[in-house]
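J.: Quick one: this structure, given as structure tokens, is what I'll be asking you about.
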Amino acid sequence: MSKTTVRLVFVCALAGLLASGWATYAHYRLLNDPTYTSFCDVSATVSCTQVYLSRFSTVRGIPVAIFGGIWFVFAGLLAVAGLTARPAVGESVPGYLFAGSTLALAAVLYLGYASFVLLKLVCVLCLVTYAAVTGLFLVSGAATSVPMTSLPRRVAVDVKVLVSSPLAILLAVLFVGAAGSTLAFFPREGGTATLAPTQDQRSDLERFLATAPRIPLVIPAEGAKVLVVKFNDYQCPACGQSYLSYKPILAKYEVTHPGAVRVVLKDYPLNSACNVNVGTVLHPAACDAAVAVRLARLRNRAEAMEEWLFTHQPSMTAASVRQAARDIGQVNDFDAKYASTLEQVKGDIGLGKQLDVHSTPTFFINGVKVDGAWAPQFFDQAVAYELQHAASK
């Protein structure tokens, strides 16, 4: 490998590693700090937090960013090998990089599709990693001079060279050990979310709830001690995830404190067709979905309709929503009732504007505004705090 190629590989690997590291840190903070906001949460469409909270951000509970960081470190080590190893090994390194970059490029193309097409979100840190992977792919492809079909044979030969070098063995052991430890000890989403917050986390959360301004809401609590108002978009991934993850928590409180917690969903479709506060059509089926739930509610089928919408977001279209309204919600007069029901949706949108709602989900927990969805354990703790606080009054 030429020095120029090595420099370019290092630049791409370093940029990707920094972005992956920052993304991993943000993911960790989201799991441990309910008040954390990433620097790249710019708007409803440019939001790292919403991407990290999506189902596409982890593999078996491990952030995808960690796998990206491991790959970029490996690419940097290969560049070192290409510059310092004997010529026979050095000429194979671009091929190894190109093969690895091809797999990494396939991964980022899928993640990019998930982000831009399915989630309709932009993550700045993700864009940097996509660019870094693409750069490694192009640089290594241009530098590769050996047939790719010869790589399996070359691997066997180069491994023999590797085990004959104490320094190479040391670097390999350190790399494998560091990668394995990171994967093993990073908090899993699935496990962490079910654990009670630590004492420090509880203190931070309670301090936030105790000092945050409480906005008066024109929504009756109907005797409940905790009123949770959620401004919702049925095509919003974070809205769907919070619905599914908070559902067992709310069911628990309905058993332990019947009638003490009331949840009210308010419509705020991120679609300029029915929401004048949104400049574009982020979620094309969101207006129809809001109408479908309202019409299904008249037939006592709202819960089933919501469940269908939140679990079919990736394939949701206006046509599929209307079909589901007929099949799931038992709504046979969708078109006839659409215009009048949409006016009710716009009433919620107007309230959202008054309350300075800009994105979904936005929660108000006894008047405390929460932009975005908290991890389930923090939402659980917030409800418990509010119940205790109400009992002490």
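The values are calculated or read from the model by the stated rules, or taken from the named source; none is laboratory data. All values reported here derive from a predicted model rather than from experimental measurement. Don't worry about glycine lacking a Cβ; one is built from the backbone with ideal geometry, like all the others, and counts go over all protein chains shown. Side chains included, ligands, DNA and RNA excluded: accessible areas come from the protein's heavy atoms. Shrake-Rupley method; radii C 1.70, N 1.55, O 1.52, S 1.80 Å.
J.: Determine whether S101 is farther than 24 Å from L121 by Cα and polar (S, T, N, Q). Explain how you work it out, then say what you get.
T.: Numbers: farther than 24 Å from L121 by Cα: yes; polar (S, T, N, Q): yes.
So S101 fits the description; yes.
J.: Looking only at segment 249-277, which residues are more than 26 Å from L355 (Cα to Cα) and open to solvent by 60 Å² or more (accessible area, probe 1.4 Å)?
T.: Passing the criteria: K252, E254, V255, T256, H257, P258.
J.: What do you reckon, is D380 without any contact (Cβ under 8 Å) to a residue 40 or more places away in the chain and of a type in the set (D, E)? If you could, list the steps in order and put the result at the bottom.
T.: Details: without any contact (Cβ under 8 Å) to a residue 40 or more places away in the chain: no; of a type in the set (D, E): yes.
No.
J.: Still on this model: Checking the structure you have, find out if any residue of segment 204-225 is of a type in the set (D, E), buried (at least 19 other Cβ atoms within 10 Å of the Cβ), touching a helix residue (DSSP H, G or I) at 6+ places or on another chain (Cβ under 8 Å) and under 25 Å from L53 (Cα atoms). Don't jump to the end; show me each part of the working.
T.: Going through segment 204-225, the residues of a type in the set (D, E) turn out to be 204, 206, 222.
So of that shortlist, the ones also buried (at least 19 other Cβ atoms within 10 Å of the Cβ) come out as none.
There is no residue in segment 204-225 that is of a type in the set (D, E), buried (at least 19 other Cβ atoms within 10 Å of the Cβ), touching a helix residue (DSSP H, G or I) at 6+ places or on another chain (Cβ under 8 Å) and under 25 Å from L53 (Cα atoms).
J.: Among the residues of segment 48-58, is any of a type outside the set (S, T, N, Q) and free of Cβ contacts under 8 Å to residues at least 12 places away in the same chain?
T.: Let us first name the residues in segment 48-58 that are of a type outside the set (S, T, N, Q), namely 48, 51-53, 55-56.
Within this subset, residues satisfying the condition of being free of Cβ contacts under 8 Å to residues at least 12 places away in the same chain are none.
The answer is no, given that none of the residues of segment 48-58 is of a type outside the set (S, T, N, Q) and free of Cβ contacts under 8 Å to residues at least 12 places away in the same chain.
J.: Which one of these is over 26 Å from A221 (Cβ atoms) and either surrounded by fewer than 21 Cβ atoms within 10 Å (Cβ to Cβ) or among the acidic types (D, E) (or both): S392, S340? Let's see the steps before the verdict.
T.: Values: S392 fails: over 26 Å from A221 (Cβ atoms).
None of the other options fit; the residue is S340.
J.: What are the pairs with Cβ atoms under 8 angstrom where one residue, in segment 71-99, is open to solvent by less than 40 Å² (accessible area, probe 1.4 Å) and the other, located anywhere, is assigned to a helix (DSSP H, G or I) and basic (K, R)? Sequence gap at least six, or different chains.
T.: Sorted first by the residue in segment 71-99, then by its partner, the pairs are S92/R154; G95/R154.
J.: Output the qualifying pairs, or none if there are none: Cβ atoms under 9 angstrom, residues six or more apart or on different chains, first residue in segment 249-260 and under 12 Å from V383 (Cα atoms), second residue among the hydroxyl-bearing types (S, T, Y).
T.: Between residues of segment 249-260 that are under 12 Å from V383 (Cα atoms) and residues that are among the hydroxyl-bearing types (S, T, Y), the close pairs are A260/Y253.
J.: Tell me, yes or no, whether segment 24-46 has at least one residue that is among the basic types (K, R), open to solvent by 50 Å² or more (accessible area, probe 1.4 Å) and either within 24 Å of A172 (Cβ to Cβ) or within 11 Å of the chain's Cα centre (by Cα) (or both).
T.: no
J.: If you take the residues in segment 250-272 that are within 26 Å of the chain's Cα centre (by Cα) and of a type in the set (A, V, I, L, M), which one is farthest from N232 (Cα to Cα)? Give the derivation first.
T.: The first filter runs over segment 250-272 and keeps only residues within 26 Å of the chain's Cα centre (by Cα), leaving 250-252, 263-272.
Filter once more, so that each one left must be of a type in the set (A, V, I, L, M): 250-251, 263-265, 270.
On the way: L250: 17, A251: 19, V263: 12, V264: 10, L265: 6, L270: 9 Å.
Here the answer is A251.
J.: Oh, and also: Collect the residues in segment 220-244 that are over 30 Å from the mean Cα position of the chain (by Cα) and touching a residue at least 12 places away in the same chain (Cβ under 8 Å), keeping them in residue-number order. First the steps, then the outcome.
T.: Of segment 220-244, the ones over 30 Å from the mean Cα position of the chain (by Cα) are 220-225.
Passing the criteria: A221, E222, G223, A224, K225.
J.: So is A172 open to solvent by 30 Å² or more (accessible area, probe 1.4 Å) and modelled with pLDDT under 85 or not?
T.: On the way: open to solvent by 30 Å² or more (accessible area, probe 1.4 Å): yes; modelled with pLDDT under 85: yes.
The answer is yes for A172.
J.: When you go through D288, D356, D348, D333 one by one, which is the residue that is open to solvent by 10 Å² or more (accessible area, probe 1.4 Å), farther than 22 Å from A238 by Cβ and of a type in the set (D, E, K, R)? Quick ask: steps written out before the conclusion?
T.: Working: D288 fails: farther than 22 Å from A238 by Cβ; D356 fails: farther than 22 Å from A238 by Cβ; D348 fails: farther than 22 Å from A238 by Cβ.
None of the other options fit; the residue is D333.
J.: Restricting attention to segment 54-64, which residues are open to solvent by less than 20 Å² (accessible area, probe 1.4 Å) and part of a helix (DSSP H, G or I)?
T.: At the first step, the residues of segment 54-64 found to be open to solvent by less than 20 Å² (accessible area, probe 1.4 Å) are 54, 57, 61-63.
If the condition is that a residue be open to solvent by less than 20 Å² (accessible area, probe 1.4 Å) and part of a helix (DSSP H, G or I), then S57 is the only one that fits.
J.: If you scan segment 376-387, which residues turn out to be surrounded by 22 or more Cβ atoms within 10 Å (Cβ to Cβ) and small (G, A, S)?
T.: Residue satisfying the conditions is A382 alone.
J.: Among the listed residues P258, P248, identify the single one that is more than 16 Å from V321 (Cα to Cα) and assigned to a helix (DSSP H, G or I). Don't jump to the end; show me each part of the working.
T.: On the way: P258 fails: assigned to a helix (DSSP H, G or I).
Matching residue, one of P258, P248: P248.
J.: Could you check segment 306-393 for helices (runs of 4 or more DSSP H) lying wholly inside it with 3 or more residues that are more than 27 Å from the chain's Cα centre (by Cα) and hydroxyl-bearing (S, T, Y)?
T.: Details: elements: 318-327, 334-354, 376-391.
In segment 306-393, 334-354 are the helices (runs of 4 or more DSSP H) which contain 3 or more residues that are more than 27 Å from the chain's Cα centre (by Cα) and hydroxyl-bearing (S, T, Y).
J.: For segment 101-133, name all the residues that are open to solvent by less than 20 Å² (accessible area, probe 1.4 Å) and closer than 18 Å to S359 by Cβ.
T.: Residues satisfying the conditions are S115, L119, L121, C123.
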